[in-house]
Amino acid sequence: MTNIINFPRRAKPVIEDVPKAAMPAPTPVKAGIGAAVVKAIWVVMVLVWPILKWIVSIDCVFQLIRMFYHWDTPGVHAGFTFLLHFAVLTMLTYFVSVYRPKGL
């Protein structure tokens, strides 16, 4: 059938006992009111993100088409409006996907 080879187990590292007085005490994390607000906003954003992502993405496509339509029209700042909407979509995507509040 098959040959099962048992590899030797690693020896546990020797940990020297250090007196508790020599070890620094862990400092508790003090989260202010701002951190609690950001954490609450992050949780709400994560919960509504699947729907909000579609809404903001459709808005960005609309602003892109509007930008192309008003390309040579003076006084219409459709390019800057599109860049602003796209920047908001990018920031929301980063906030939901990459950022994670401490303590979660």
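How far apart, in nm, are the 7 Å Cα→Cβ label points at Asn6 and Leu92?
With each label point 7 Å from Cα toward Cβ, the separation is 5.9 nm.
Kindly put Asp59, Asp72 in sequence by how many other C-beta atoms sit within 10 Å of each C-beta, fewest to most.
Numbers: Asp59 15, Asp72 6.
Sorted ascending by nearby Cβ count, the order is Asp72, Asp59.
Simple spin-label model, 7 Å along Cα-to-Cβ: Val56 to Ala40 in nm?
The answer from the label model is 2.0 nm.
Which whole number of Å³ per residue matches the convex hull of the alpha-carbon atoms in the range 48-104?
Output value, Cα hull per residue: 73 Å³.
Every number in this text was worked out from the coordinates using simple rules, so none of it is lab data. Being a predicted model, the structure only gives us computed values, none of them experimental. FYI the Cβ positions are ideal-geometry reconstructions off the backbone, even for glycines, and counts take in every protein chain you see.
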